[in-house]
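Note sheet for the following structure.
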């Protein structure tokens, strides 16, 4: 079973998400939306997909609780193929699972902690 298939996103805390998005847009040319940027790309294993795959870059307010229980200022999101089975396997391996899996129109999400207290978001996209 494949586990991680790619980087789904990079999320980080900042004092002023609006200001940081404006800076990256102006100086690095990143085309921002309300969340940040979605970098689109073609998955070589799924070239027939109707929509391109994407990797998110998103600043969060510094007081966001979304990364909890991690105390870190960042969180990585990894793309996975079968989140339900992967979460079962990770639990069997002793990995700390955070909360319950959630399903959104754009995919399923689950969260784990690494040994250094970094919260990791796992995403099974619908693309």
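We did not get these values from a lab; they are worked out from the coordinates using the rules stated. For clarity, every value in this text was computed on a predicted model and none was experimentally measured. In this analysis, Cβ positions are derived from the backbone assuming ideal geometry, glycine residues included, and neighbour counts consider all displayed protein chains.
A few points about this structure:
- Residue 2 being in a strand (DSSP E or B), exposed (fewer than 13 other Cβ atoms within 10 Å of the Cβ) and in contact (Cβ under 8 Å) with a residue 12 or more places away in the chain: no
- The range 50-71: number of residues that are assigned to a loop (DSSP other than H, G, I, E, B) and under 13 Å from the mean Cα position of the chain (by Cα): 2
- Within the range 72-127, the set of residues being free of Cβ contacts under 8 Å to residues at least 40 places away in the same chain, part of a strand (DSSP E or B) and over 23 Å from residue 54 (Cβ atoms) comprises 96, 97, 98, 99, 100.
- For the range 17-49, filtered to residues that are in contact (Cβ under 8 Å) with a residue 12 or more places away in the chain and in a loop (DSSP other than H, G, I, E, B), the residue that is farthest from residue 120 (Cα to Cα) is 49.
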